[in-house]
Amino acid sequence: MLSIVVFLPVVAALALLAAPGASDRVVRWTWVAVSALVLALVVALWIGYSPGASGFGYETQVNWIPTVGSGYHVGVDGLSLPLVALTAVLFLSCAVYSLRETHRVRSLAALFLFLETVCLGVFVALDLLLFFVFFDLSIVGMYFVIAGWGHSGAARAAVKFFLYTFLGSLALLLGFIGLYLAASPHTFDMLDLTRQDPMAGKGAVAVLVMLAIVVGLAVKTPTVPVHTWLPPAHVDAPAAGSAILAGVLLKMGTYGFVRIAMPILPQTWRAYAPVILAVGIVSVLYGALVALAQRDFKRMIAYTSVNHMGYVVLAVGAAAMLADTEAQARQLAVTGAVTQMVSHGLITGALFLLSGVLFERGKTYDMASYGGLARQLPAFAGITAVAVFASLGLPGFSGFIAEFQIFTGSIGAAPVPVGFALLGVLITAVLFLRAYQQVFLGPTKTRVAGDLTLTETVAIGPLMLLAVAIGLFPRFLLDVIEPAASVL
Amino acid sequence: MVLWLLVGVPLVAGAALLLGGRRADRAAAPAGLAVSALLLGLAITAALTRPAISAEFLDGMPFALRVDGLSAALVVLVPSVLLAVLAFSVGELGARFFGLMLLFADAMLVTVTATGLVPLLLGWEVMGAASYALIGFHWAEPGRARAGTIAFLATRGADLGLYVAAGAALAGGAGALGLHQLAQLPDGWRDVVAAGVLLAAFGKSAQLPFSFWLSRAMAGPSPVSAMLHSATMVAAGAYLLLRLEPLLGATPWAGWLAMWAGVATALALGAVAVVQRDLKQLLAASTCAQVGFMVLAAGAGAVAGGTAQLVAHAATKSLLFLCAGAWLAALGTQSFPGLRGAARRHPVVGVTFAVGALSLAGLPPLSIWLAKDALLAEVLHRSVPLYLLGLAATALSAAYAGRALTLALSAPAHGDAQRVAIGPWRWAPLLPLAAGAAALGLLALPWLPPLKWPELLASALVAAAAATAAAALVHVRGEVAEQDVLSGWLRLEQAARLAVVRPLDAMASACARFDERVVDGGVRLSAAVATAAARLAGNRLEWSVDGAVRGVARGARAMGRLARRPQTGQLHQYYAQAVVALALLALLLVIL
């Protein structure tokens, strides 16, 4: 069942490519229908989810490359199921948003459906090699999206994105091979590796392996200082590409922390947790500060992603520093981290789609060119206001549930540094309100016409509704995450 | 169930009005009034039945609300003021206003019934966001949106104190983050919690040094001011400190800090209020000062007196702001030269304004007189200097209230005061508020600690003397002289700009430059180095490696040619070669 969900989109993509006679209209609606079907299946998975003895549901294990001890092993638990659902939701939103796309629709649809399979694959993979294959393919897919449908500087940004993150994934592969070699019998299976704890007492080797894995994941997350591929990639990517890049692809990095680095290298992770915490805090503050100085709406949102993903890194670092007696705080921090991944995906995905609308209407991302847009585009201004307040962590939205848990859980680990990181919350509020004030309020500067269309509303509205649903009734999400978070 | 309805109905109704947009404008006023009337009924029921509700929220931290004695007072207060304010706004403002006001009131209801930090923070911050939208309500006009932004950011900065408090409470062992658990936390963590709570409360109630945002908040419509200055926002900060009085009691430095901060704000902002030339600015500064008394009360453990002050002030201040709003609409001004004689132009507005101003001045037997005396009596037990400073602040209250009233009653600058038309929706809501401003203090007597006559008399005399002096001064000297520092709210906003905003912006642009030049520059540099290395390898290394390979091939070919030489195909030459080879072998054997 899980495998059907994962591979359905790519099969549809092949079908689209194999039917060159189909009109753009048919292609678009097929894309939407397949994405909707995937989402429906994921909802069914969620409803029927009951983890087995291993902690995973819908587990499948088939021989794949037995000679290197790698299998097709997939399954979902409380850490991955929310991300699988997020992926399905965002891809549907992007499919709906792209209903007005006219440029090489067939290739775009096929590429997005391929990317959907790849992204779902990363989150369900329970084998390091399988994880790596999907992880790498996501880079390839996104490269073509940016290069093929991006703005003027897209080719350059796409190459930078590809090379930078590809280098990161090579480091990741090195780390995986290190784990494989250390295990006996040799295996790439994550659950076997967790049980074996192959790096226990390995000293410097364990540190090197963790360094490789952490660097590989940090590039993808991205954390400071390996984040500079992100702004150009976002600025030049098409809106839907940005939404997937920020909403789903960045989560692969942080998901790797909780799925691979924390459980498979527990001692090393704990020993170096203060470093992780520090990287998280620097990402939070530095990301927020750089975002504050931006004049380009999309670039600003890109930097807030560094800030928001910094909270996740901060939480997984702090969680490992908390003693066993502080189980509640630790679970709170990890739950907050996973919630933040979902929340950031929904909210930033929506913000990038909204920035696409802004560009569509005004032909620029430069905030100083706008003013008083709320008069001409009231619905657009309204939904952006909601997204902005959601993103700055206002209670009632998912961001608060995430950030409150992260901070409340983490403060006990290192009160002063974490308290300092709280300033990131204030700086994001400053930058979002300033940006909103400049673009939407005050006197009108430019003539802009065309409020949100129906498809745009249908694409973006549900993301905000979900953010509110999680903000007001978080139990449906937390009930899934908490059991998995408590074993980390 | 009552409590679920109390917090659920305004949420749903407010959200519906906001989503409806302009289409809902016509239905907004009746819907808003109906909902707030329903809320008032629910609130009275809740105050009498004292319900409690709870729902699972975060792990081990439920969303739990309860109505107890302190909450009951506020739960009834909020819809009462809301009803009056919404009635006042009928016919002028649309669905967006009514929707936001319902959310604003709802957030306050959640805040005052919360039993833990999680629901408290939820209501607390949503209230701040609603105040942003309400202050910047007329966002198209220059400066309005900015005012909302400043107000929101100032309060949100302080709100971070509650996040710290939550983390510290959890680390200290209060797993459910219950408000009643905070006072029992171990030393250290309890101090952190107290510091966070004080910071958040000072920010929300516009105590020093956060007072400037309240001046900016005047950019909102008058009904917003009436609500924000009485039963929500500023009241929330005072409420939080009154609610957590046990925590302040258990942490002595926090109690003293609250007392001193409260009295300092009451004095400083009282002085600011005395010299304001704009009625709304005067009232705003006086709000800071009056809330200062509540903070003082919380620090001194005078919960009953502080609550009485909160309720009495809420009725008084919402009344005064609505009067100012009525005059603004009728006369087109809110500054004093234009408001001279305003109270003579409409009997109901004039009389109710007079009642409000006299109550604000602390004159007997009106509400604020009794409330303030109840709390000052407790302060006297703690510290005589603080009591005397409190009395001095009372004198300032009387001075600014007396001045405002005298100006409003005096003969207008030019000609006689003509009657102006003010509709019944405008004046009718003033009546119940005026009744509250006059009589709530007496009604609260059963809950207040027994009052002593000498103290009551002392404060009444101080207030009467100060008010009379102010009135006399207005008659003799006319307008007060412009005072740079005081008129400009002690330049607090400039100070905040200089101390916080400028460095933040400087740091942000420094970081952005660093990011562009150093961090990304490093990446670009390594890419350039890699490209250069590749070019080098392509041009030189590749060439020489290739050359070496070619050389090896050439050598091999030469050797091959050499090896082909003996292969002549002629037998006699092979024999000769074999003889030479054998001879060499024999020689080798001999030598070895």
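Descriptive notes on the structure:
- Inclusion of B:Glu56 among residues that are surrounded by fewer than 17 Cβ atoms within 10 Å (Cβ to Cβ), modelled with pLDDT under 95, within 12 Å of another protein chain (Cβ to nearest Cβ) and not in a helix (DSSP H, G or I) is warranted.
- Just one of the numbered conditions (1) outside any helix (DSSP H, G or I); (2) within 20 Å of the chain's Cα centre (by Cα); (3) more than 9 Å from chain A (Cβ to nearest Cβ) is not true of B:Pro186: (2).
- Verdict on B:Leu82 being touching a helix residue (DSSP H, G or I) at 6+ places or on another chain (Cβ under 7 Å), farther than 24 Å from B:Ala176 by Cα and modelled with pLDDT of 95 or more: yes
- Screening A:Leu452 on (1) within 30 Å of A:Leu81 (Cβ to Cβ); (2) more than 8 Å from every other protein chain (Cβ to nearest Cβ); (3) in contact with a Phe, Trp or Tyr (Cβ under 9 Å, 6 or more places away or on another chain); (4) buried (at least 22 other Cβ atoms within 10 Å of the Cβ) shows it passes everything except condition (1).
- Lone qualifier among B:Ala302, B:Ala324, B:Ala271, B:Ala329 - being modelled with pLDDT under 95 and under 19 Å from B:Pro246 (Cα atoms): B:Ala302
- Any chance A:Ala469 is under 20 Å from the mean Cα position of the chain (by Cα), surrounded by 24 or more Cβ atoms within 10 Å (Cβ to Cβ) and either more than 10 Å from chain B (Cβ to nearest Cβ) or among the acidic types (Asp, Glu) (or both): no
- Screening A:Leu452 with (1) in a loop (DSSP other than H, G, I, E, B); (2) in contact with a Lys or Arg (Cβ under 9 Å, 6 or more places away or on another chain); (3) of a type in the set (A, V, I, L, M, F, W, C) gives one miss only, at (2).
- Candidate set: the stretch A:328-345, residues that are of a type in the set (Ser, Thr, Tyr) and either touching a Gly at 6+ places or on another chain (Cβ under 7 Å) or closer than 11 Å to A:Val312 by Cβ (or both); chosen: the one farthest from the other protein chains (Cβ to nearest Cβ): A:Ser343
- Taking the stretch B:189-217 as the range and being assigned to a loop (DSSP other than H, G, I, E, B) and either touching a strand residue (DSSP E or B) at 6+ places or on another chain (Cβ under 6 Å) or aromatic (Phe, Trp, Tyr) (or both) as the test, only B:Phe210 passes.
- Taking the stretch A:207-221 as the range and being assigned to a helix (DSSP H, G or I) and crowded, with 22+ Cβ neighbours inside 10 Å as the test, the residues that pass are A:Val209, A:Met210, A:Ile213, A:Val214, A:Gly216, A:Leu217, A:Ala218, A:Val219, A:Lys220.
- Some residue of the stretch B:285-293 being within 24 Å of B:Arg426 (Cα to Cα) and under 20 Å from the mean Cα position of the chain (by Cα): yes
- Scoring A:Thr364 on the criteria (1) without any contact (Cβ under 8 Å) to a residue 12 or more places away in the chain; (2) touching a helix residue (DSSP H, G or I) at 6+ places or on another chain (Cβ under 7 Å) leaves a single failure, condition (2).
- Of the residues making up the stretch B:72-119, those that are within 14 Å of another protein chain (Cβ to nearest Cβ) and either in a loop (DSSP other than H, G, I, E, B) or in contact with a strand residue (DSSP E or B) (Cβ under 9 Å, 6 or more places away or on another chain) (or both) are B:Gly94, B:Val110, B:Ala114, B:Gly116, B:Leu117, B:Val118, B:Pro119.
- Residues that are among the hydroxyl-bearing types (Ser, Thr, Tyr) and surrounded by fewer than 19 Cβ atoms within 10 Å (Cβ to Cβ) within the stretch A:311-330 comprise just one, A:Thr325.
- With respect to the conditions (1) under 20 Å from the mean Cα position of the chain (by Cα); (2) closer than 20 Å to B:Gly356 by Cβ; (3) surrounded by fewer than 23 Cβ atoms within 10 Å (Cβ to Cβ), B:Arg277 falls short on a single one, namely (1).
- So A:Ser391, is it hydroxyl-bearing (Ser, Thr, Tyr), under 30 Å from B:Val7 (Cβ atoms) and more than 11 Å from every other protein chain (Cβ to nearest Cβ): yes
- For the stretch A:394-411, filtering for residues that are more than 7 Å from chain B (Cβ to nearest Cβ) and in a loop (DSSP other than H, G, I, E, B) leaves 1.
Okay, residues lined up against (1) under 28 Å from B:Val81 (Cα atoms); (2) of a type in the set (S, T, N, Q); (3) in contact with a Leu (Cβ under 9 Å, 6 or more places away or on another chain):
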| residue | (1), (2), (3) |
| --- | --- |
| B:Ala438 | yes, no, yes |
| B:Leu442 | yes, no, yes |
| B:Trp447 | yes, no, no |
| B:Leu461 | no, no, no |
| B:Glu479 | no, no, yes |
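- Taking the stretch A:431-449 as the range and being closer than 19 Å to A:Lys298 by Cβ, within 11 Å of another protein chain (Cβ to nearest Cβ) and of a type outside the set (A, V, I, L, M) as the test, the residues that pass are A:Phe432, A:Arg434, A:Tyr436, A:Gln437, A:Gln438, A:Phe440.
- Considering residues of the stretch B:143-175 that are outside any helix (DSSP H, G or I) and at the interface with another protein chain (Cβ under 10 Å from one of its Cβ atoms) only, the residue nearest to the chain's Cα centre (by Cα): B:Gly143
- Extreme residue, farthest from the other protein chains (Cβ to nearest Cβ), among residues of the stretch A:357-367 that are in a helix (DSSP H, G or I) and either more than 21 Å from A:Leu249 (Cβ to Cβ) or at pLDDT 95 or above (or both): A:Glu360
- Scanning the stretch B:1-50 for residues that are in contact with a strand residue (DSSP E or B) (Cβ under 8 Å, 6 or more places away or on another chain) and either part of a helix (DSSP H, G or I) or buried (at least 23 other Cβ atoms within 10 Å of the Cβ) (or both) returns B:Leu3, B:Trp4, B:Val7.
- Residue satisfying all of: in the stretch B:440-479; farther than 26 Å from B:Val275 by Cβ and in contact with a Ser or Thr (Cβ under 7 Å, 6 or more places away or on another chain); surrounded by the most Cβ atoms within 10 Å (Cβ to Cβ) among these: B:Gly441
- Single residue of A:Leu392, A:Leu346 found to be within 19 Å of A:Met464 (Cα to Cα), surrounded by 24 or more Cβ atoms within 10 Å (Cβ to Cβ) and modelled with pLDDT under 95: A:Leu392
- Top-ranked residue in the stretch B:125-142 [being part of a helix (DSSP H, G or I) and among the small types (Gly, Ala, Ser); ranked as nearest to the other protein chains (Cβ to nearest Cβ)]: B:Ala129
- The residue of the stretch A:412-430 that is farthest from B:Phe152 (Cα to Cα), among those that are at the interface with chain B (Cβ under 8 Å from one of its Cβ atoms) and touching a residue at least 60 places away in the same chain (Cβ under 8 Å), is A:Gly412.
The values are calculated or read from the model by the stated rules, or taken from the named source; none is laboratory data. Keep in mind that what you see is a predicted model, and the values were worked out from it rather than measured. With ideal geometry, Cβ positions are generated from the backbone for all residues, glycine too; neighbour counts draw on all protein chains shown.
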